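Novice: Would you mind keeping the following structure in view while I ask a few things?
The values are calculated or read from the model by the stated rules, or taken from the named source; none is laboratory data. In this text the structure is predicted, and so the values were computed from the model without any measurement. Cβ placement follows ideal geometry from the backbone for every residue including glycine, while neighbour counts extend to all protein chains displayed. Accessible surface areas use protein heavy atoms only, side chains included; no ligands, DNA or RNA. Shrake-Rupley method; radii C 1.70, N 1.55, O 1.52, S 1.80 Å.
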Amino acid sequence: APPRVCCASSAAKECRVVSSSLPTLRGVTIMKHAAAAAARDGGALRCLTFEITSTLVCMSVPLGRVYGEAVRHYKLPCPDDDTMKAAFKSAYGKTNAELPNFGAASLANEREWWRAMIRSTLDQAGCTEALDDETFPLVFQRIYSSFASPDVWAPCPEGASAMRHAKERGLVVGVCSNVYPRYVDQNLPLLGLHRDLDFAATSYEAGALKPSRDVFDAAARKASHVSRLLHGRTQPDVAPGQVLHVGDDLEKDYLAARAVGMHALLFDPDGKAADAAAERGVPASDVIRSLAEVPSRIDELLGAAV
């Protein structure tokens, strides 16, 4: 899903788009099950995972501006950026409902999903001239290419440092994210976030979106294999209770990770999720405002296992 504007940017912050209606998870029940899983799967922390969008990677400019500038580049009529952003949100929800998980099960690749989504955005924004048969491919390519550019993306502050600290403490580091391959193939390397990354478990590959446990199970399997490659073939599987997951979505990241028995931190740089998290029984200590807080939680969990 499209991430919020980076909190380090001077641009106005963008809220993450909620792309589909997903089942609600009850905090108290999850905490009870998570505690039982942690007891069963106890042991030293062995793996750190992140959501990519709005956690490791943020937008450095407002989303509506990216779309609007692509249309204006060809001197075509275009509404203001806020109108374009609203059209994007509506089109994103519609396209995701028709073609879930970026079209993983029905389209040849995610580029085709974005073609449909961008066409819908321009239609809802009233950019009729941009939808001309010969014009649309030009506008589409300009928008699509922009999202492979450092002009649009920035690393969320302190993410790379948290990854480096995890590696220095001997952990396997991965991403467990509702994204498609381009994020891993291009966006992370573009920002230098590939250097300490050992594996990627994506919704596109798993065939399911978080909060489904399928993505978390895929992350644990990959972490187990990496652990054996890095630390010896006799290493046991990485258990859920040996994983710390960090993400910015209360339902899809924090509660979903806890439900499968993982440790979790809710990344809330704007302080907007604190009340909702408290209502769901999330300890205040599990809600962080900066990724600079991740290393101390790693050390705490490692120390607790000694």
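Novice: Using DSSP to call loops (not H, G, I, E or B), can you name the chymotrypsin sites (Phe, Trp or Tyr not before Pro) in region 71-170 whose Cβ has at most 16 other Cβ atoms within 10 angstrom?
Specialist: 74
Novice: Moving on to the next point. Using the basic label-point model (7 angstrom from Cα toward the beta carbon), what is the residue 44 to residue 195 distance in nanometres?
Specialist: Reported label-point gap for residue 44 and residue 195 is 2.5 nm.
Novice: Could you tell me the convex hull volume per residue, in Å³, taken over the Cα atoms of region 167-306?
Specialist: 118
Novice: Within the P(r) computed for the chain, what percentage of the Cα pairs occupies the region above 28 Å?
Specialist: Across the chain, Cα pairs with separations above 28 Å total 38 percent.
Novice: How compact is region 180-241 by the rule of thumb for globular proteins, expressed as Cα Rg over 2.2 N^0.38 Å?
Specialist: The value comes to 1.22.
Novice: While we're here: Using θ = phi - 60° and the Karplus relation 6.51 cos²θ - 1.76 cosθ + 1.60, list the HN-Hα couplings for region 124-140 in order, rounded to whole Hz, with x at every Gly or Pro.
Specialist: 5, 7, x, 8, 5, 5, 6, 8, 3, 3, 8, 7, 4, x, 5, 5, 4
Novice: Follow-up question, since we're still on this one. Amide H neighbours of residue 125 under 5 Å, counting only residues 5+ apart in sequence or on other chains, H built in-plane at 1.01 Å?
Specialist: Under 5 Å from the amide H of residue 125: no residue qualifies.
Novice: Related question: Among 145, 204, 262, flag the residue with its Cα farthest along the positive direction of the charge dipole of the chain, charges on Cβ as +1 for Lys/Arg and -1 for Asp/Glu.
Specialist: Going by the charge dipole, the pick is 262.
Novice: Search the structure for amide H atoms under 5 Å from the amide H of residue 245, placed 1.01 Å from N in the peptide plane, and list their residues when 5 or more places away or on another chain.
Specialist: Under 5 Å from the amide H of residue 245: 49, 263, 264, 265.
Novice: Ignoring any ligand, DNA or RNA, what whole percent of the accessible area of the chain comes from carbon and sulfur when the probe is 1.4 angstrom?
Specialist: Whole-percent figure for carbon plus sulfur exposure: 51.
Novice: As a quick test, which of the pairs 94/252; 75/272; 85/252; 85/210; 252/272 have an alpha carbon distance above 27 angstrom in this structure?
Specialist: 75/272
Novice: So, one more: So for the pair residue 285, residue 94, with labels modelled 7 Å out along Cα→Cβ, what separation do we get in nm?
Specialist: Simple spin-label model gives 4.8 nm for this pair.
Novice: So for the chain, taking the charge dipole from beta-carbon charges (+1 Lys/Arg, -1 Asp/Glu), which of 104, 45, 187 sits furthest toward the positive end?
Specialist: It is 45, whose Cα lies furthest towards the positive end.
Novice: Using a cut-off of 13 Å between beta-carbons, work out the net charge of the residues near residue 131 (Lys and Arg +1, Asp and Glu -1, residue 131 not included).
Specialist: Neighbourhood net charge equals -3.
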